[in-house]
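Q: Take this structure first; my questions come after.
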Amino acid sequence: MRIPTLLLVLSFCAVVEAQQPAQPPAVRSPEVSADHRITFRVRAPNASKVTVFCECLTSEPALTKGTDGVWSVTVGPIEPDIYEYHFTVDGVDNLDQRNPVVKYNSRPNLIESVVEVPGASPMFYDVKPVPHGIVSMRYYPSKATGGIRRAFIYTPPNYDRSNGRLPVLYLLHGADGDETVWTQFGRVNLILDNLIAEKKVTPMIVVMPFAYAYPWHAGVAADKQRADFEKDLTEDLIPFVQANYRVSTDREQRALAGLSMGGGLTLAIGPRHLDLFSRLAVFSSGAGQNPEQSLAAIGKNAKAINDKVRLFWIGVGTEDGAMAGAKRTSDYLNSAGVKHIYKTTPGAHTWIVWRKYLNEVAPQIFPAQS
């Protein structure tokens, strides 16, 4: 009696399956070809217009609709790098729903899809067959904020098998970022692994904190955010790192750097704490509209800064909205007699620039020992 019942169930399932609408084939997007062209696709059968914004392009090309309701466009060849992009469908910005790789934010802002165009050989930020360091997630108590905070900390290859004290770089993210982004999007660990293997830098520890004292939803005023972060960095995080890692306690072996907002924090914090930092690097940032006011203390303290700061580096892209402020800052530092390096390069306010800056400036912060 069981066999007829089973046949009845199977027949019913077959009927139900036959009544289900056929699923369209999966859309592949983005598709990067061997000649460095990118094909973007999105299924939007009811849309009337679809365009794509990509950091790799100077315009937003329109996609063409196919008979299957899939819109597509092929662009390039594109220079090898890692790019953010999104679609605009009938005026509404959209992620590429077929691409799980995204650039996220710590505050409410547009999340972007990400596409990587590989080079003919590994890029400076790629995994190479070299010894690799470790990125650890560490929690530490913060008297400044009254809570427990998190930092990501890179230790170089063979750290656990050595016993010397190492220099340390405190590396800050920008607005909308958090303590994860220098690893996730900046690829700091891979860049340093490669530089160390090439004997271009001294092995170092890199500490990447959350550069806001409080999360955005706490509604804390900007002045308190900055003041409490400075206190957390100098009075809580640095002592925690010194107690838990083999880092040098000599200011000569401690550096501070950051991008965008983190660059502004570097400008504000570093010169006020010459007892802590001897090297400063600022990516895509400046001291605001009136650096003669915001950096007045630096101008009055030019001799001490010149005597104690071994590297004061400012870099900005020529297509970056922060360029005017960075230039004003450099001009003021020149007028005040503060020695520094000011460099412009092609590029906008983007990780494409910041990865390159880290790769360039890390060997200047802590050069390889001969």
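Q: Assuming R0 = 30 Å, what is the FRET efficiency of residue 249 and residue 341, from their Cβ-Cβ distance, to the nearest 0.05?
A: In this case the efficiency is close to 0.65.
Q: A further question on this structure: How far apart, in nm, are two points set 7 Å out from the Cα along the Cα-to-Cβ line at residue 198 and at residue 49?
A: Placing both labels 7 Å along Cα→Cβ, they lie 4.5 nm apart.
Q: Using mean Cβ contacts within 10 Å as the protection proxy, how do 189-197, 63-71 order, highest first?
A: Per-residue Cβ counts within 10 Å, averaged per peptide and sorted highest first, yield 189-197, 63-71.
Q: Would you work out which of 244, 358, 189 lies farthest towards the positive end of the dipole of the chain? Charges go on Cβ: Lys and Arg +1, Asp and Glu -1.
A: So the residue we want is 244.
Q: How much length, in nm to one decimal, is gained on full extension between residue 369 and residue 163, taken as 0.36 nm per residue of separation minus their Cα-Cα distance?
A: On the way: separation 206, 0.36 × 206 = 74.16 nm, distance 1.68 nm.
That pair, residue 369 and residue 163, stretches by 72.5 nm at full extension.
Q: Quick one: length gained pulling residue 93 to residue 274 fully straight, 0.36 nm per residue minus the C-alpha distance?
A: 60.6 nm
Q: Next up: Using unit Cβ charges (K, R positive; D, E negative) and no other charged atoms, how large, in debye to the nearest 20, is the dipole of the chain about its Cα centre?
A: Values: 38 positive and 36 negative charges, 188 e Å.
That gives the chain a dipole magnitude of about 900 debye.
Q: I'd like to compare 176-183, 37-44: which one has the highest average count of other Cβ atoms within 10 Å, and what's the full order after that?
A: Most protected by this proxy first, the peptides run 176-183, 37-44.
Q: Let me ask another. Work out the length of the dipole vector of the range 100-146 about its Cα centre, built from +1 on the beta-carbon of each Lys and Arg and -1 on the beta-carbon of each Asp and Glu, and round it to the nearest 20 debye. Don't skip to the end; give the middle numbers.
A: Details: 5 positive and 3 negative charges, 67 e Å.
So the dipole magnitude of the range 100-146 works out to roughly 320 debye.
Q: Using only Cα atoms, locate the centre of the range 105-157 and the centre of the range 180-199, then give the distance between them in Å, rounded to an integer.
A: Measuring centre to centre over Cα atoms gives 9 Å.
Q: Over the range 170-217, what percent of the accessible surface lies on carbon and sulfur atoms, probe 1.4 Å?
A: 56 percent
Q: Separate question: Which of rounded, prolate or oblate describes the range 245-327 when judged by the alpha-carbon gyration tensor and an a/c cut-off of 1.5? List each step's numbers first, then the result.
A: On the way: a/c = 2.40, a/b = 1.44, b/c = 1.67.
Oblate, since a/c reaches 1.5 and b/c is not below a/b.
Q: Got a sec? Charge dipole of the chain, +1 on Cβ for Lys and Arg, -1 for Asp and Glu; which of 163, 115, 370 is way out at the positive end?
A: In the chain, that residue is 163.
Q: Calculate how many DSSP beta bridges within the chain are antiparallel, expressed in % of all such bridges and rounded to the nearest 5.
A: Looking only at bridges with both residues in the chain, the antiparallel portion is about 60 percent.
Q: Would you be so kind as to identify which of 257, 346, 311 lies farthest towards the positive end of the dipole of the range 234-370, taking Lys and Arg as +1 and Asp and Glu as -1 on Cβ and the Cα centre as origin?
A: Final value for the positive-end residue is 311.
Q: Rounded to the nearest 5, what % of DSSP beta bridges with both residues in the range 249-362 are antiparallel?
A: Bridges in the range 249-362 are about 0 percent antiparallel.
Q: Turning to a different aspect of this structure: Considering only protein heavy atoms, what per residue accessible area in square angstrom results for the chain with a 1.4 angstrom probe?
A: 49 Å²
Q: Run the helix sum for the chain: -39,500 (n - 2.57) per DSSP H stretch of 4+ residues, divided by residue count, reported at 222 nm to the nearest 500 deg cm²/dmol.
A: Values: 11 runs with 104 residues, N = 370.
Rounded to the nearest 500, it is -8000 deg cm²/dmol.
Q: Here's something else I'd like to know. Taking the Cα centre of the range 127-205 as the origin, how large is its charge dipole in debye, to the nearest 20, when only Lys and Arg (+1) and Asp and Glu (-1) carry charge on their Cβ atoms?
A: Around 240 debye, computed over the range 127-205.
Q: Ignoring ligands, DNA and RNA, what percent of the 1.4 Å accessible area of the range 243-370 is carbon and sulfur?
A: Roughly 51 percent of what the probe reaches on the range 243-370 is carbon or sulfur.
The values are calculated or read from the model by the stated rules, or taken from the named source; none is laboratory data. Just so we're clear, the structure is a prediction, and the values are computed from it rather than from any experiment. Cβ sites come from the backbone with ideal geometry, for glycine too, and all protein chains shown count toward neighbours. Surface accessibility is based on the protein's heavy atoms, side chains included, excluding ligands, DNA and RNA. Shrake-Rupley method; radii C 1.70, N 1.55, O 1.52, S 1.80 Å.
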